[in-house]
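Here the structure is laid out as structure tokens; the discussion comes afterwards.
The values are calculated or read from the model by the stated rules, or taken from the named source; none is laboratory data. Values in this document were obtained by computation on a predicted structure and should not be read as measured data. Cβ placement follows ideal geometry from the backbone for every residue including glycine, while neighbour counts extend to all protein chains displayed. Surface accessibility is based on the protein's heavy atoms, side chains included, excluding ligands, DNA and RNA. Shrake-Rupley method; radii C 1.70, N 1.55, O 1.52, S 1.80 Å.
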Amino acid sequence: MSSSHEMVSEPQLSVVIPVLDGEDHWKALIKDLSFFPDSTEFLFIGSGNQPTEFDELVHQFEIGGRSHWDRSSTGRAVQMNRGASESHCSYLLFLHSDSRLSEPAVRFLIQSLKSSPHALHYFNLKFHDQSHFLMQLNRWGVYFRSHYLGIPFGDQGLCLKRDLFFELGCYDESVSYGEDHLLVWKARRNRIRLKCTGATIETSSRKYQQQGWLKITATHLVLTVNQAIPQFILLLKERIGSW
């Protein structure tokens with residue numbers, strides 16, 4: 001899968017993208033995927049059939065031969081685990097379908113993987129529309145949560161070694177939300193370093209606009225705290241027990 005101009009030491013990436021049936025954010029993301037090294041494979045795992053325009057778009061941006069669409073049952077954890085099981089490369093990058101990446105961001109990721117191959121990597125987060133001050137507050141909140149509390153979320157593009165992902169038990173398919181949150185806690189309990197790439201990934205702010213900033217922010221906060229407290233207690237018990 002490697003191109004002739006790439007070094008053997010370059011990290012080999014499988015990018016897993018869960019897609020909910022009927023959504024179309026993935027169409028814009030395809031353009032950004034062309035920034036990845038030629039050795040990268042792209043696994044779109046949909047809860048519906050392959051869209052008719054998929055083949056045309058991946059060939060338009062010259063990633064057709066290494067892009068695959070597969071269908072699984074609905075559920076982000078289920079879909080991402082399915083993609084991981086079908087992957088062939090040594091690293092897994094999980095991207096939400098409404099993510100956007102720049103070419104420099106991809107370069108930062110590759111460098112981050114080379115400098116810390118055994119870490120769990122993530123990006124800083126920016127919302128597509130940050131014209132509203134409240135969305136800027138969210139961006140600062142995400143930075144604080146990930147850098148100071150050590151809890152990056154899935155929309156920040158989690159990336160780690162494939163073997164390590166399976167050692168951690170993959171995403172928990174039994175939970176109704178927060179499968180990415182729980183994976184990060186499992187990594188922390190296993191003393192895996194969390195490392196920011198230093199670059200930014202963008203995500204959609206549509207749900208904030210549709211449902212209201214206060215409602216969405218408050219809901220996320222409550223759900224996160226409800227999951228984080230028992231995980232933090234478990235982490236403390238394990239650390240104390242190892243002393």
- prompt: Taking Rh as the Kirkwood radius computed over C-alpha pairs, what is the Stokes-Einstein D of the stretch 68-175 at 4 °C in a medium of viscosity 1.567 mPa s, expressed in µm² per second?
  reply: 84 µm²/s
- prompt: Under a 1.4 angstrom probe, counting protein chains only, how are TYR177, TYR143, TYR148, TYR171 ranked by accessible area, largest first?
  reply: TYR148, TYR143, TYR177, TYR171
- request: In whole Hz, with x marking every Gly and Pro, tabulate ³J(HN,Hα) for the stretch 189-195 from phi via Karplus 6.51 cos²θ - 1.76 cosθ + 1.60, θ = phi - 60°.
  value: 5, 8, 6, 8, 5, 9, 9
Full-stretch length increase - PHE232, SER34 - with 0.36 nm per residue and alpha-carbon distance subtracted: 67.4 nm
query: Roughly how many nanometres apart are two label points built 7 Å out from the Cα toward the Cβ at HIS147 and SER73?
result: 4.1 nm
field: Inter-label distance, nm, simple model (7 Å from Cα along the C-beta direction), ARG239/HIS118
entry: 1.9 nm
statement: Mean separation of Cα contacts under 8 Å (at least 6 apart) over the residue count of the chain, i.e. the relative contact order in percent, is 21 percent
message: Pairs on different chains or at least eight residues apart, Cα atoms closer than 25 Å: how many lysine pairs in the chain fit?
response: 20
task: Mind checking the stretch 143-243 for trypsin sites (Lys or Arg not before Pro) that DSSP puts in a loop (not H, G, I, E or B) and that have at most 10 other Cβ atoms within 10 Å?
output: ARG191
query: For the chain, what is the percent of antiparallel DSSP beta bridges, rounded to the nearest 5?
result: 20 percent
field: Distance cut-off 17 Å, percentage of C-alpha pairs in the stretch 121-243 lying past it
entry: 60 percent
message: Using all alpha carbons of the stretch 1-141, what is the percent of pairwise distances in each 5 Å bin, ordered from the shortest bin to the longest?
response: 2, 9, 18, 21, 20, 15, 9, 4, 1, 0
field: Whether the stretch 72-118 is rounded, prolate or oblate, judged on the alpha carbon gyration tensor where a/c under 1.5 counts as rounded
entry: oblate
message: Using the Kirkwood radius over C-alpha pairs as Rh, can you work out the diffusion coefficient of the chain via Stokes-Einstein at 37 °C, viscosity 0.692 mPa s, in µm² per second?
response: 177 µm²/s
- line: Only helices counted: for the chain, with every DSSP H run of 4 or more residues adding -39500 (n - 2.57) and the sum spread over all residues, [θ] at 222 nm is -13500 deg cm²/dmol
Full-extension gain in nm, ASN49 to LEU137, via 0.36 nm per residue minus C-alpha separation: 27.9 nm
statement: Evaluated at 4 °C and 1.567 mPa s, the Stokes-Einstein D of the stretch 116-182 based on the Kirkwood radius over Cα pairs, in µm²/s, stands at 97 µm²/s
Rg/Rg_ref, the stretch 14-53, where Rg_ref = 2.2 N^0.38 Å and atoms are Cα: 1.18
field: Tensor-based shape of the stretch 6-81 (alpha-carbon gyration tensor, a/c under 1.5 rounded, otherwise prolate or oblate)
entry: oblate
query: Could you give the length gained on full extension between VAL225 and GLU86, defined as 0.36 nm per residue of separation minus the Cα-Cα distance, in nm?
result: 46.7 nm
